[in-house]
Amino acid sequence: MPSREIALAYSVDADDAFMFHALRAGRVAAPGLTFTHRRADTAALNRLAIAGEADVVAISAGAYPLCAAEYLLLPHGASVGRGFGPVVVSRGRMRPADLAGKRVGIPGLTTTAWMVLRLIEPRAVPVEIPIAPFGRIFDAVTSGEVDAALVIHEGRLLYPQRGLDLVVDLGVWWEQNVALPLPLGVNVIRRALGQTLVRQVSELLRQSIRYALDHRDELIAVLTAEDRGEKALRDPALVDHYLSLYANADTAEMPDDARRGVEALFTRARAAGLMPDGAKQGALDWAP
């Protein structure tokens, strides 16, 4: 009997590669299933999910209402900020209120980071800059193309090397104002797979994440061998630090406070008039 193909799509950043590695490398047995792997930047993955073009997609939490009709939230694979998160950086000192009317480079209009920044300063003017190549967002700030930049993924660890100053850490702001973890990225799975297959694939993804957590040193060696355009991204210490932030117990199984953080994000966005057209209303739907 031919195997059933399951299309996975996830980002080029270290925590996504970390959690999907065991499936990609055949470290998790998946009888009857063949997994295909596609990697793209965050904004592209959000568009992919909105178009319903993959079975499992790593997306921005803020994009979920746009694809909720087609996808369930997975209870694992999340990137959660606990007192830290994406950062806004600039050349020289700025306050969050100074972003009003200023051009801010952002990784995409459907990203969680942009949703939260609009809660902080809704008058910021977005300029979309893809996260690949990785250094493009920093170059835009230093050249004056934008006044500030909203930096996600490993960029939060790299901006001091570029001589840039912190304007606001979105995770710090969220903790101070909401007192819950900040959900940044989530994995979603296509509803049309059906209950049995959704459960099977979810369990395999859970095993892949557990393998990565149990073989952390092996995975760090794999990740630092990848060329992602920045020499610093091949530094084992930096990758280790980054994984400690976004590939941890919260990734293995999303706890209750992080789930409540997702609900709080959408509640606040809706109250502020930031929920995009076509966004699904109502309770969140979680896969097993």
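The values are calculated or read from the model by the stated rules, or taken from the named source; none is laboratory data. Computed from a predicted model, the values in this text were never measured in an experiment. Note: ideal-geometry Cβ built from the backbone for every residue, glycine included; neighbour counts use all protein chains shown.
Among the listed residues Leu205, Leu193, which satisfies the condition of being in the same structural domain as Ser60 (by TED's automatic domain parsing) and either aromatic (Phe, Trp, Tyr) or within 20 Å of Leu243 (Cβ to Cβ) (or both)? Break it down stepwise before answering.
Values: Leu193 fails: either aromatic (Phe, Trp, Tyr) or within 20 Å of Leu243 (Cβ to Cβ) (or both).
Answer to the selection: Leu205.
For the structure I just gave you, tell me whether Ala63 is touching a residue at least 12 places away in the same chain (Cβ under 8 Å), crowded, with 18+ Cβ neighbours inside 10 Å and under 14 Å from the mean Cα position of the chain (by Cα). Let's see the steps before the verdict.
Values: touching a residue at least 12 places away in the same chain (Cβ under 8 Å): yes; crowded, with 18+ Cβ neighbours inside 10 Å: yes; under 14 Å from the mean Cα position of the chain (by Cα): yes.
Against the criterion (touching a residue at least 12 places away in the same chain (Cβ under 8 Å), crowded, with 18+ Cβ neighbours inside 10 Å and under 14 Å from the mean Cα position of the chain (by Cα)), Ala63 qualifies.
Is it the case that Leu23 is aliphatic (A, V, I, L, M), under 20 Å from Ala247 (Cβ atoms) and either more than 17 Å from the chain's Cα centre (by Cα) or in the same structural domain as Leu117 (by TED's automatic domain parsing) (or both)?
Numbers: aliphatic (A, V, I, L, M): yes; under 20 Å from Ala247 (Cβ atoms): yes; either more than 17 Å from the chain's Cα centre (by Cα) or in the same structural domain as Leu117 (by TED's automatic domain parsing) (or both): yes.
Yes; evaluated as a whole, the condition is true for this residue.
Would you kindly identify the helices (runs of 4 or more DSSP H) lying entirely within the stretch 107-177 that contain at least 1 residues that are over 23 Å from Ala269 (Cβ atoms)? It would help to see each step written out before you state the result.
Working: elements: 112-120, 136-142, 155-158.
Once the helices (runs of 4 or more DSSP H) in the stretch 107-177 are filtered for at least 1 residues that are over 23 Å from Ala269 (Cβ atoms), what remains is 136-142, 155-158.
Pairs only if they're at least six apart or on different chains, beta carbon under 6 angstrom, first in the stretch 257-274 and under 12 Å from Met115 (Cα atoms), second at pLDDT below 95; list them, first residue then second.
Ala269/Met275
When residues of the stretch 120-134 are filtered for being surrounded by fewer than 23 Cβ atoms within 10 Å (Cβ to Cβ), of a type outside the set (Lys, Arg) and over 18 Å from the mean Cα position of the chain (by Cα), how many remain?
6
Which condition number does Val186 fail, the rest of (1) assigned to a helix (DSSP H, G or I); (2) among the hydrophobic types (A, V, I, L, M, F, W, C); (3) surrounded by 23 or more Cβ atoms within 10 Å (Cβ to Cβ) being met?
Val186 satisfies all of (1) assigned to a helix (DSSP H, G or I); (2) among the hydrophobic types (A, V, I, L, M, F, W, C); (3) surrounded by 23 or more Cβ atoms within 10 Å (Cβ to Cβ) except (1).
Answer with yes or no whether Val88 is in contact (Cβ under 8 Å) with a residue 24 or more places away in the chain, over 15 Å from the mean Cα position of the chain (by Cα) and not assigned by TED's automatic domain parsing to the domain that holds Ser202.
Details: in contact (Cβ under 8 Å) with a residue 24 or more places away in the chain: yes; over 15 Å from the mean Cα position of the chain (by Cα): yes; not assigned by TED's automatic domain parsing to the domain that holds Ser202: yes.
Answer is yes for this residue.
Only one of Ala54, Ala29 is surrounded by 21 or more Cβ atoms within 10 Å (Cβ to Cβ) and assigned by TED's automatic domain parsing to the domain that holds Leu193. Can you tell me which?
Values: Ala29 fails: surrounded by 21 or more Cβ atoms within 10 Å (Cβ to Cβ).
Criteria check complete, one pass: Ala54.
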